[in-house]
Amino acid sequence: MSVRGEGVLVFDLGSVSLRVGRAVDKDPMAEIPSVVGVSIKGTAANSDSAKPNDNRINKNIKYYIGEKSLSVPRPGMEVKNCVKDCMIDDWDLFEQMLDYAYSNCLAVESHCYPVLFTEWVLNTKPKRETLVELMFEKYNLPAIYLCNSGSLATIGLKCSTALVIDCGATHTSVIPVNSCSVVSDAISKSPVGGDFINMECKQYFKDNKIEVIPRYMIGQILKVKQKQKPIWTVKKNIPEVTNSWHNYMCKSVIQEFQHSVLEVYDRPYTEVATSLMPTLNYTFTTGYSQRFGHEQFKIPEVLFNPSPNMDKSILGLADMVVSTIGKCDANIKSDLFNHIIITGGNSLIRSFVERLVYDVTVRVPDKTKMRFIAPYNLTKRRFGAWYGGKCLASTPSFQHLWLNKCEYTDRGKSIIHEKCD
């Protein structure tokens, strides 16, 4: 099957969002949250008048998709994620997201465009088959292809053999890729990702009696001096929201703090050294403000130096790099060291790359040649797999690799493992 790049869609699903766009687009056309608001018929949230741009009704359930729709407080609306352990877990929610993507973001008919899907490197066969069946049976795709995110990260940066450090929300993984194929038995994975850092921030706020109040609750704020107790009023007529939605909004407040304040120290953390660094002022949603010194470095230090009370099997990032390369064949080790690719949203913490370079350098022999590749374009660094999919789908030699509808009809969904090994 021959398909030109302009006729191909690229879908990249992660724990935080689904990125969708055409292979000819410079960037993804849309980023859709992986969480979906769900309300059951008879609840107050479901009685809202439906807005076709963000609400979707299926039988007795109403779905709220997209950041704007999710941010509205609605009584009885639960928030659920369609992804678990980097793989699709709730297929009904995933279908709702696809419907939304096709109608609201891409504005195309699904049967007209083949789709390249990214997938987690350890995705299971049953989940691959379920996806293929869904896309051919419901969406009537002309063709589909599945490619793992590790390989795509290398393809997007024009490498064939490389070490991919994927710093995501739910985990951090180190993935060796040899000639565009993942060396599965050498992958290292840690549960310390963006969500873990979020929980560390939450614990810090609790220990220091800093309130985390989402914006939907706040009415008026009075200006106060730095570190003075905030003075604010609760917004009137707030509906009775669910715990899952409230927690989702609290998490977004903490994420704003993460993005604005946290920084990785470029050497192993010590309170003495980091206390000499410039402090940074931050104002919370309540109007409370404080300058942060060594704390802004201490919280993300766990990425590189796990705390003593954590599971001993959890390694710091530099140790994961050295361990992973050590498990690979000797003939590719130099290529892996020379092509260390950094991708994922959690790698955007300030000075992350500099610290990684330092920590790996002190762990390997002096004469080891190393090159770290971290795109300056932060969108490209966040979504390395999507850009790799865009690049692959536009390659002439790729066009015969598609699994088309006729092959699926003749041989069934299990053929995906032959076509996309």
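Listed values, structure above:
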| quantity | calculated |
| --- | --- |
| Filter result (in a helix (DSSP H, G or I), surrounded by fewer than 24 Cβ atoms within 10 Å (Cβ to Cβ) and not charged (D, E, K, R)) within the range 136-150 | PHE136 |
| Per-region count, the range 400-421, residues over 18 Å from ALA23 (Cβ atoms) and outside any helix (DSSP H, G or I) | 2 |
| Given (1) out of contact with any Asp or Glu (no Cβ under 7 Å at 6 or more places or on another chain); (2) surrounded by 13 or more Cβ atoms within 10 Å (Cβ to Cβ), index of the condition GLU240 fails | (2) |
| Qualifying residue in the range 373-387 (condition: surrounded by fewer than 19 Cβ atoms within 10 Å (Cβ to Cβ), of a type in the set (Phe, Trp, Tyr) and at negative phi) | yes |
| Residues (assigned to a strand (DSSP E or B) and more than 13 Å from ARG355 (Cβ to Cβ)) located in the range 246-283 | LEU280, ASN281, TYR282, THR283 |
| Pair list, Cβ under 6 Å, 6 or more apart: the range 154-177 residue surrounded by 23 or more Cβ atoms within 10 Å (Cβ to Cβ) and at pLDDT 95 or above, other residue among the aromatic types (Phe, Trp, Tyr) and assigned to a strand (DSSP E or B) | none |
| SER160 vs. criteria within 23 Å of ASP329 (Cα to Cα), in a loop (DSSP other than H, G, I, E, B) and of a type in the set (Ser, Thr, Tyr) | yes |
| Answer residue from the range 92-135, given it is without any contact (Cβ under 8 Å) to a residue 40 or more places away in the chain and assigned to a loop (DSSP other than H, G, I, E, B) and is nearest to the chain's Cα centre (by Cα) among those | TRP120 |
| The range 296-321, residues that are part of a helix (DSSP H, G or I) and closer than 15 Å to ASP166 by Cα | LEU303, LEU317, ALA318, ASP319, MET320, VAL321 |
| In the range 73-91, the residues that are surrounded by 18 or more Cβ atoms within 10 Å (Cβ to Cβ) and part of a loop (DSSP other than H, G, I, E, B) | PRO73, ARG74, GLY76, MET77, CYS82, CYS86 |
| Test: residue in the range 315-323 that is surrounded by fewer than 20 Cβ atoms within 10 Å (Cβ to Cβ), under 23 Å from the mean Cα position of the chain (by Cα) and closer than 15 Å to MET199 by Cβ | no |
| Failed condition for VAL108, given (1) farther than 21 Å from ASP27 by Cα; (2) surrounded by fewer than 20 Cβ atoms within 10 Å (Cβ to Cβ); (3) of a type in the set (A, V, I, L, M) | (1) |
| Test result for LYS68, surrounded by fewer than 17 Cβ atoms within 10 Å (Cβ to Cβ), within 26 Å of GLU109 (Cα to Cα) and either at pLDDT 95 or above or in contact with an Asp or Glu (Cβ under 8 Å, 6 or more places away or on another chain) (or both) | yes |
| Lone qualifier among ILE341, ILE349, ILE254, ILE299 - being buried (at least 17 other Cβ atoms within 10 Å of the Cβ), touching a helix residue (DSSP H, G or I) at 6+ places or on another chain (Cβ under 8 Å) and either under 30 Å from ARG74 (Cα atoms) or of a type in the set (S, T, N, Q) (or both) | ILE254 |
| Criterion violated by VAL212 - all others in (1) part of a loop (DSSP other than H, G, I, E, B); (2) of a type in the set (A, V, I, L, M); (3) under 30 Å from VAL362 (Cα atoms) satisfied | (3) |
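The values are calculated or read from the model by the stated rules, or taken from the named source; none is laboratory data. What you are looking at is a predicted structure, and each value in this text was computed from that prediction instead of being measured. Neighbour counts are summed over all protein chains in view; Cβ atoms, including those assigned to glycine, are modelled from backbone coordinates with ideal geometry.
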